[in-house]
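Everything below concerns the one structure shown next.
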Amino acid sequence: MATTTTDDASPTAVGPRWASLASTDPHAVASFYRAVLGWAITETSGRLIASAAGKPVADITDITTADGFPGWLIHFDVDDLDTALTAVSEAAGAVLPSADGGSVETAVVTDPNGTRFALRAPATRHRERPAHGTLAWGELITDDVDTSAAFYRDAFGWGLTGPSGSLGRHEWQTHGRSFSGLLPRPPGMPAETPAYWDVYFAVDDIEAAATAATEHGGTRLMPPMPIEIGTITVFLDPAGAVFTLVQLTTEEAAA
């Protein structure tokens, strides 16, 4: 796939490495994701921590303690949070009140289109190929590809490949390796749904995971569909949060 927008500068954000869910019913949705993704759930100070393959991968909190924004919030790792936040501001993004993401230094930000995501500065980083239940990929669904491309390039040094497939999907890259995607708003997405960063969780068997999601109260929004990195299917969890399951077929998501 040809890259049409690149920047050779060292990136100040990599990942995604963590995801936070604000839900109206944290314990119920934790049980749902345990059934679908095999998560081990522990509770610390009223916050549920999900682990997969022996490592913490996500947290779940009550929506009343998460600034009132429902759904998943994707996190990207940075070497230095202050430097990254300065880069966000200089690229016309905005820094929002801080949030906690896995007992590390974290901040919630928006790109110029108002799409929320988070940056965090963990003590260690893991770059293994995503295992079952881990966060494997992120995808920005946006109405403004050009503004998005410019912001993430200027703030973090990300490159963006040219469009591919019938939906015109792009891939974010650092040093020639893809780690997340960008999708122009698809025709079937309601106009009232704001642009957002989708979270992709890896599964070993997408049909089995999709069946488990349906049996435990999930609502399928999109049946299994092949894309460049594997096969995906999109669901709402029982509390209404959107997420994607992906069965990987390449090494692309191991960046």
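Of everything in the stretch 45-55, what is at pLDDT 95 or above and surrounded by fewer than 18 Cβ atoms within 10 Å (Cβ to Cβ)? Give them in sequence order. Give the steps one after another, and end with the answer.
Residues of the stretch 45-55 at pLDDT 95 or above: 48-52.
If the condition is that a residue be at pLDDT 95 or above and surrounded by fewer than 18 Cβ atoms within 10 Å (Cβ to Cβ), then 51 is the only one that fits.
Residues that are in contact with a Gly (Cβ under 6 Å, 6 or more places away or on another chain) and open to solvent by less than 10 Å² (accessible area, probe 1.4 Å) do not occur anywhere in the stretch 201-222. The criterion of being basic (Lys, Arg), under 20 Å from residue 80 (Cα atoms), in contact (Cβ under 8 Å) with a residue 40 or more places away in the chain and open to solvent by 40 Å² or more (accessible area, probe 1.4 Å) holds for residue 153. The set of residues in the stretch 199-229 that are in contact with a Leu (Cβ under 8 Å, 6 or more places away or on another chain), in a strand (DSSP E or B) and touching a residue at least 24 places away in the same chain (Cβ under 8 Å) comprises 199, 200, 201, 202. Residue 173 meets each of the listed conditions (1) crowded, with 19+ Cβ neighbours inside 10 Å; (2) in a loop (DSSP other than H, G, I, E, B) apart from (2).
Would you pick out the residues in the stretch 230-243 that are assigned to a strand (DSSP E or B) and open to solvent by less than 10 Å² (accessible area, probe 1.4 Å)?
Looking only at the stretch 230-243, we keep the residues that are assigned to a strand (DSSP E or B), and these are 230-236, 242-243.
Correct list: 230, 232, 233, 235, 243.
For (1) farther than 30 Å from residue 154 by Cβ; (2) aliphatic (A, V, I, L, M); (3) at pLDDT below 95, each residue gets a yes or a no:
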position	(1), (2), (3)
183	no, yes, no
199	no, yes, no
204	yes, no, no
229	no, yes, yes
246	no, yes, no
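Taking the conditions exactly as written (within 29 Å of residue 212 (Cβ to Cβ) and either at pLDDT 95 or above or not charged (D, E, K, R) (or both)), does residue 93 satisfy them or not? Answer is no for this residue.
Quick one: would you say residue 42 is open to solvent by 40 Å² or more (accessible area, probe 1.4 Å), β-branched (Val, Ile, Thr), at negative phi and in contact (Cβ under 8 Å) with a residue 12 or more places away in the chain?
On the way: open to solvent by 40 Å² or more (accessible area, probe 1.4 Å): yes; β-branched (Val, Ile, Thr): yes; at negative phi: yes; in contact (Cβ under 8 Å) with a residue 12 or more places away in the chain: no.
Here the answer is no, as residue 42 does not meet what is asked.
The values are calculated or read from the model by the stated rules, or taken from the named source; none is laboratory data. The structure presented is a predicted model; accordingly, all values stated were derived computationally and were not measured. As a convention, Cβ positions derive from the backbone with ideal geometry for all residues, glycine included, and neighbour counts pool all protein chains shown. Surface areas here come from the heavy atoms of the whole protein model, side chains and all, with no ligands, DNA or RNA. Shrake-Rupley method; radii C 1.70, N 1.55, O 1.52, S 1.80 Å.
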